[in-house]
Amino acid sequence: MLSISHVLPTFGNCLVFFWQVGLRVIHICLPEDSSKDEIVNEILRLNEDPNVQGLALDLPESLYSSKILNAVKPEKDVDGVLLSDGKTVLLVDISGTLGSSLQCLLQRRGAITASCHWKSPGLQSKLQLADVVVAGSPKPDSVPVSWLKPGTTIINCSPDSLSGRPSLNSTTETAVCSLAAAMRMQNMVKNTERWIQSQQLRKWDLRCLKLQPLSPVPSDIEISRAQSPKAVDVLAKEIGLLTDEIEIYGQTKAKVRLSLLERLKDQPDGKYVLVAGITPTPLGEGKSTVTIGLVQALTAHLKINSFACLRQPSQGPTFGVKGGAAGGGYAQVIPMEEFNLHLTGDIHAITAANNLLAAAIDARILHENTQSDKALYNRLVPVVKGVRGFSSIQLARLRRLGINKTDPETLTEEEISRFVRLDIDPSTITWQRVVDTNDRFLRKITVGQANTEKGFVRQAQFDIAVASEIMAILALTTSLEDMKERLGKIVVANDKKGEPVTADDLGVTGALAVLMKDAIKPTLMQTLEGTPVFVHAGPFANIAHGNSSILADKIALKLVGEKGFVVTEAGFGADIGMEKFFNIKCRASGLVPSVVVLVATVRALKMHGGGPSVSAGAPLKKEYTEENLQLVADGCCNLQKQIQITQLFGVPVVVALNVFKTDTPAEVDLVCKIAKQSGAFDAVPCSHWSDGGRGAVKLAQAVEKAANQKSSFKYLYSLELPIAEKIRVIAQKVYGAKDIELSAAAQSQIDRYTRQGFGKLPICMAKTHLSLSHQPERKGVPTGFILPISDVRASIGAGFIYPLVGTMSTMPGLPTRPCFYDIDLDPVTEEVKGLF
């Protein structure tokens, strides 16, 4: 039951606000000497508090001013709504400046106003029509109370009342006070009803941006710059995000808070679509472009709510050889230079967290090598102001060691030794430092050469930042609590007894979570046609699981509504990114995909059919620019294999054929025919690169139909299988290998991980993306090969085992002519040039 406490003058200047009707009423009592500015600042703070649904002021007359009254947000103004909603207000004996101002204020609130005097003709009829009577002088005895209609609110503003002298009898005054309290309660109920309504999923009111495609198609950055994106706060409002659910970065980017998931927890999810591809070639297939073109078609042209969820690109390839990853042509995320560069700093946060953990490892080894147990203990658990105490993460380590003590003074010498010594075996360290730059000379380094490190020298390496396990954790986490737990489970090495050493053991988990607290929030951007995009996480698919974040997908699925679509992309071919999407990401998220869109091009299929090799920058050979049906037919074997891989998971597949101007109608028809004969639900030519969403409308219609098919989704393998058997299932059923061959090192690691209790984790194969086999030059569909497993490693925090197939580099190198030769900045306009 809601109650309102009346604030007495002796309590000072008070703000009374309500925190959900029926649950909580709080008085904020400010000092009596508070200035108007201080009161306004407090009102503004409460305006922005999403937990406050209503606010009422109870101040001395001298402090009531337009500055203070206008500071209260209308939707939170409990007293202001007393006189709104079309109520009729009669002002009696209130004239001059006060009367004019009051009428103006009431009319702005939506009230119907009239004025008169107690002796005016027709007073009785006017009183009978009034919902509220505001009296500027005491009611004369000649005006009976019966003239007032039942339920009329009376507000007494007479000088006698303001001076403290009673103008009404005590019974009437008590009744007016009670009525005011009741009206406040009624308005609080209305406020709360409006607030509850605002928390529900609202129909999108999306204003799509118009495209005017040019021919020939300009460069990606020219197209991006020619479009004027909507302000991101406008986009957020259009798709149903609340003001307090976004954190704006500049004009076109915003972080989205995870609180939205709680608000929309009862909202049904939309349809879940994955975009994958055939085995990649240097000619490119255009998965990102298809992803963007598809959502532009769905939302801007078919008026169906849709969201694209993409990975954040690494700056290594952006400045190296691949270029950007914002899509291309008239199917892009904009502004593309912001998308491809720093974005909102997530990769920098990952780099900082990763390298803090790496520094902690080497520092701990150094300190353990140079100090006694007692010295270590005194430094790890210091006396502060005469008191020695364990931190929470140290108490957790004690519990893992089976030491159930909380007083540092009670540990025995043996317990102190076990607590302070991790005894890390340097030869088993698997945690490397990272940098988001292609730098081949960091593939093997030596650390600890300074005299201050006292001879502790070891060989190490740098990985590219997106290869960090922390990136995979970001992509697979489901909440802040889950991320913190996963960070703590990261295994960085083994101790000298062969037991795993974790980030929790090093005491760094909380610090890692602090560095990652903003990175966990997806970044909202938009396409060229003004449809929403989430950009979040960016693990590579050949050395990690290659998918954007679970959190971005989950938030988007709530926002689009039950009939909407969320389209996300898996890296490289279906055999790499899609397999990991199903077996790793879907296991972690619990989400079930509706459709797979498999992307192909005529040119890439010709290469799989035996077409000549392609050199970067060199003109294409005639096999790729002239009709060659036989080469296309031969290359469709790879497309057929990828369709078969998709069918292993029981999900309908639609083939999207990216059309180029050199493709002939006969070649396009042949690919679509073979795809349908091979089990695809449909196969659709697409021209979104040159036409925007309009060029992917038929694809969108096919996806919508396929999503209504009954899905029989299933995982490829049971987690209960031994590690080696899970690897074998992937090798044989997905890649088409005859069998696997485990090196002695790989078998040893499998035995160790099984013994340590990690045997039931899913598998994340680290393999070349350029072939179904382990040999990049073997195109099409290789068969009969033995897949060599050179080593097996574990990302325990991320939650998977990753076997290394052959030799895999986790640090790309720069080519002879990197992309950065073409990238420049105009010092006058500050425009970026040369990104693609």
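Would you be able to tell me the number of residues in region 446-480 that are over 19 Å from L357 (Cα atoms) and free of Cβ contacts under 8 Å to residues at least 12 places away in the same chain?
5
So, of the residues in region 385-410 that are among the β-branched types (V, I, T) and open to solvent by 90 Å² or more (accessible area, probe 1.4 Å), which turns out to be farthest from L506 (Cα to Cα)?
V387
Considering every residue within region 689-708, establish whether at least one is in contact with a helix residue (DSSP H, G or I) (Cβ under 7 Å, 6 or more places away or on another chain) and surrounded by fewer than 21 Cβ atoms within 10 Å (Cβ to Cβ).
Scanning region 689-708 turns up at least one residue that is in contact with a helix residue (DSSP H, G or I) (Cβ under 7 Å, 6 or more places away or on another chain) and surrounded by fewer than 21 Cβ atoms within 10 Å (Cβ to Cβ).
Taking the condition of being in contact with a helix residue (DSSP H, G or I) (Cβ under 7 Å, 6 or more places away or on another chain) and either modelled with pLDDT of 95 or more or not polar (S, T, N, Q) (or both), how many residues in region 644-667 meet it? So that I can check it myself, show each step before the final result.
Of region 644-667, the ones in contact with a helix residue (DSSP H, G or I) (Cβ under 7 Å, 6 or more places away or on another chain) are 645-646, 648-649, 652-660, 662-663, 666-667.
With either modelled with pLDDT of 95 or more or not polar (S, T, N, Q) (or both) added as a condition, the list becomes 645-646, 648-649, 652-660, 663, 666-667.
Within region 644-667, residues that are in contact with a helix residue (DSSP H, G or I) (Cβ under 7 Å, 6 or more places away or on another chain) and either modelled with pLDDT of 95 or more or not polar (S, T, N, Q) (or both) number 16.
Within region 571-596, can you find the residues that are modelled with pLDDT of 95 or more and either in a strand (DSSP E or B) or among the aromatic types (F, W, Y) (or both)?
F581, F582, V595, V596
Can you name the residue in region 300-337 that is part of a helix (DSSP H, G or I) and open to solvent by less than 10 Å² (accessible area, probe 1.4 Å) and is also farthest from K230 (Cα to Cα) among such residues? Show your work before the answer.
Of the residues in region 300-337, the ones part of a helix (DSSP H, G or I) are 300-301, 315-319, 336-337.
Restricting the remaining residues to those that are open to solvent by less than 10 Å² (accessible area, probe 1.4 Å) gives 316, 318, 336.
On the way: G316: 29, T318: 25, M336: 14 Å.
Result: G316.
Please go through region 714-742 and give me each residue that is closer than 19 Å to Y753 by Cα and assigned to a loop (DSSP other than H, G, I, E, B), ordered by number.
Matches in region 714-742: Y717, S718, L719, E720, L721, P722.
State whether the residues of region 820-830 include one that is among the acidic types (D, E) and within 30 Å of T502 (Cβ to Cβ). Step through it out loud before you land on a result.
So in region 820-830, the residues among the acidic types (D, E) come out as 822, 824, 826, 830.
From the residues that got through so far, the ones that are within 30 Å of T502 (Cβ to Cβ) too are none.
No, region 820-830 contains no residue that is among the acidic types (D, E) and within 30 Å of T502 (Cβ to Cβ).
Can you name the residue in region 427-458 that is part of a helix (DSSP H, G or I) and within 29 Å of P317 (Cα to Cα) and, of all such residues, is least open to solvent (accessible area, probe 1.4 Å)?
Once the filter is applied, the top-ranked residue is L442.
Based on this model, can you work out whether V632 counts as open to solvent by less than 40 Å² (accessible area, probe 1.4 Å), over 30 Å from K760 (Cβ atoms), in contact (Cβ under 8 Å) with a residue 12 or more places away in the chain and touching a helix residue (DSSP H, G or I) at 6+ places or on another chain (Cβ under 6 Å)?
Spelling it out, V632 is indeed open to solvent by less than 40 Å² (accessible area, probe 1.4 Å), over 30 Å from K760 (Cβ atoms), in contact (Cβ under 8 Å) with a residue 12 or more places away in the chain and touching a helix residue (DSSP H, G or I) at 6+ places or on another chain (Cβ under 6 Å).
Looking only at region 597-642, filter to residues that are polar (S, T, N, Q) and outside any helix (DSSP H, G or I); which one of those is modelled with the lowest pLDDT?
S615
Between a residue in region 363-389 that is of a type in the set (S, T, N, Q) and any residue that is outside any helix (DSSP H, G or I) and surrounded by 14 or more Cβ atoms within 10 Å (Cβ to Cβ), which pairs come within a Cβ distance under 7 Å, given they are 6 or more apart or on different chains?
N369/F456
Does E569 meet the test of being surrounded by fewer than 24 Cβ atoms within 10 Å (Cβ to Cβ) and either of a type in the set (D, E, K, R) or more than 22 Å from A472 (Cβ to Cβ) (or both)?
no
Quick one: which residue in I723, I789, I796, I763 is open to solvent by less than 60 Å² (accessible area, probe 1.4 Å), under 33 Å from the mean Cα position of the chain (by Cα) and under 30 Å from G284 (Cα atoms)?
It is I763.
Pull out all pairs, ordered by first then second residue, where Cβ-Cβ is under 7 Å, the residues are six or more apart or on different chains, the first lies in region 585-606 and is closer than 30 Å to E623 by Cα, and the second is open to solvent by 10 Å² or more (accessible area, probe 1.4 Å) and outside any loop (DSSP other than H, G, I, E, B).
V599/K287; V599/N658; T601/N658; V602/V668; K606/E623; K606/L631
Residue pairs, Cβ under 6 Å, 6 or more apart or interchain, first in region 205-231 and open to solvent by 30 Å² or more (accessible area, probe 1.4 Å), second hydroxyl-bearing (S, T, Y). List them.
Note: pairs meeting the criteria are L211/Y330; P213/Y330; V217/S690; P229/T252.
If E485 meets every condition in (1) touching a Gly at 6+ places or on another chain (Cβ under 9 Å); (2) touching a residue at least 60 places away in the same chain (Cβ under 8 Å) apart from one, which number is that one?
In the conditions (1) touching a Gly at 6+ places or on another chain (Cβ under 9 Å); (2) touching a residue at least 60 places away in the same chain (Cβ under 8 Å), E485 misses (2) alone.
Mind listing whichever residues of region 799-833 are open to solvent by 30 Å² or more (accessible area, probe 1.4 Å), of a type in the set (A, V, I, L, M, F, W, C) and either modelled with pLDDT under 85 or not in a strand (DSSP E or B) (or both)?
M808, L814, F820, I823, V828
Scan region 338-356 and give yes if some residue there is open to solvent by 40 Å² or more (accessible area, probe 1.4 Å), touching a Gly at 6+ places or on another chain (Cβ under 9 Å) and of a type in the set (D, E), otherwise no.
yes
Considering each residue of region 769-789, count those that are within 30 Å of L487 (Cβ to Cβ) and modelled with pLDDT of 95 or more, and give that number.
Summing the residues that are within 30 Å of L487 (Cβ to Cβ) and modelled with pLDDT of 95 or more in region 769-789 gives 1.
Do the conditions hold for L557, that is, is it touching a Gly at 6+ places or on another chain (Cβ under 8 Å) and either in a helix (DSSP H, G or I) or free of Cβ contacts under 8 Å to residues at least 24 places away in the same chain (or both)?
yes
Is there a residue being of a type in the set (D, E) and part of a helix (DSSP H, G or I) anywhere in region 646-664?
First, pick out the residues of region 646-664 that are of a type in the set (D, E): 663.
If we keep only those that are part of a helix (DSSP H, G or I) too, we end up with none.
So far as region 646-664 goes, no, none of its residues is of a type in the set (D, E) and part of a helix (DSSP H, G or I).
Among residues belonging to region 238-249 that are modelled with pLDDT of 95 or more and surrounded by fewer than 16 Cβ atoms within 10 Å (Cβ to Cβ), point out the one that is nearest to the chain's Cα centre (by Cα).
E247
Can you tell which of S711, S771, S748 is of a type in the set (G, A, S), out of contact with any strand residue (DSSP E or B) (no Cβ under 8 Å at 6 or more places or on another chain) and part of a helix (DSSP H, G or I)?
Numbers: S711 fails: part of a helix (DSSP H, G or I); S771 fails: part of a helix (DSSP H, G or I).
After applying the criteria, what remains is S748.
Restricting to region 464-504, name every residue that is of a type in the set (A, V, I, L, M) and open to solvent by 10 Å² or more (accessible area, probe 1.4 Å).
Matches in region 464-504: A467, L480, V491.
Of everything in region 316-358 that's of a type in the set (V, I, T), within 16 Å of P539 (Cα to Cα) and more than 18 Å from the chain's Cα centre (by Cα), which residue is modelled with the lowest pLDDT?
In this case the residue turns out to be T318.
Could you check, for region 254-273, whether at least one of its residues is surrounded by fewer than 24 Cβ atoms within 10 Å (Cβ to Cβ), of a type in the set (D, E, K, R) and closer than 29 Å to I464 by Cα?
Taking every residue of region 254-273 in turn, at least one turns out to be surrounded by fewer than 24 Cβ atoms within 10 Å (Cβ to Cβ), of a type in the set (D, E, K, R) and closer than 29 Å to I464 by Cα.
Can you list the helices (runs of 4 or more DSSP H) lying wholly within region 43-143 that have 3 or more residues being surrounded by fewer than 19 Cβ atoms within 10 Å (Cβ to Cβ) and modelled with pLDDT under 85?
Here the list reads 66-69, 96-108.
The values are calculated or read from the model by the stated rules, or taken from the named source; none is laboratory data. Bear in mind the structure is a predicted one, so any value in this text is a computation, not a measurement. Here Cβ is always computed from backbone atoms with ideal geometry, including for glycine, and neighbour counts include all displayed protein chains. When the accessible area is computed, the model is the full protein with side chains, heavy atoms only, and any ligands, DNA or RNA have been set aside. Shrake-Rupley method; radii C 1.70, N 1.55, O 1.52, S 1.80 Å.
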